[in-house]
Amino acid sequence: MTKNDLQKIRVAAADKEDVEFELDRAELVLKEAVAEAISHGEDIRAVAEVAELPLDDVVKLAAPDVEPDPIRPL
């Protein structure tokens, strides 16, 4: 293996990491857009279709995060 081979591997690994970061960012932006559309009253089924997401996933995004009740001592 030469230095050139190692450099190609480093560049490829960095490129892969960059693409994974962009994919994560795009997924977050999509989830935020879906949640916002639903909060504005858009139909969940229409949102799921446009977002190309399963309806179950969109329903989860529509539900606010609910914290479980704290455990209370007896």
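Can residue 46 be described as modelled with pLDDT of 95 or more and surrounded by 11 or more Cβ atoms within 10 Å (Cβ to Cβ)?
Working: modelled with pLDDT of 95 or more: yes; surrounded by 11 or more Cβ atoms within 10 Å (Cβ to Cβ): yes.
When the stated conditions are applied, residue 46 passes them.
Identify, please: which residue in segment 1-43 is among the basic types (Lys, Arg) and over 14 Å from the mean Cα position of the chain (by Cα) and is, among those, most open to solvent (accessible area, probe 1.4 Å)?
Among those residues, the one meeting the criterion is 3.
The values are calculated or read from the model by the stated rules, or taken from the named source; none is laboratory data. Since we're looking at a predicted model, the values are computed, not measured. Every residue, glycine as well, gets a Cβ built from its backbone with ideal geometry; the counts of neighbours run over all protein chains shown. Surface areas here come from the heavy atoms of the whole protein model, side chains and all, with no ligands, DNA or RNA. Shrake-Rupley method; radii C 1.70, N 1.55, O 1.52, S 1.80 Å.
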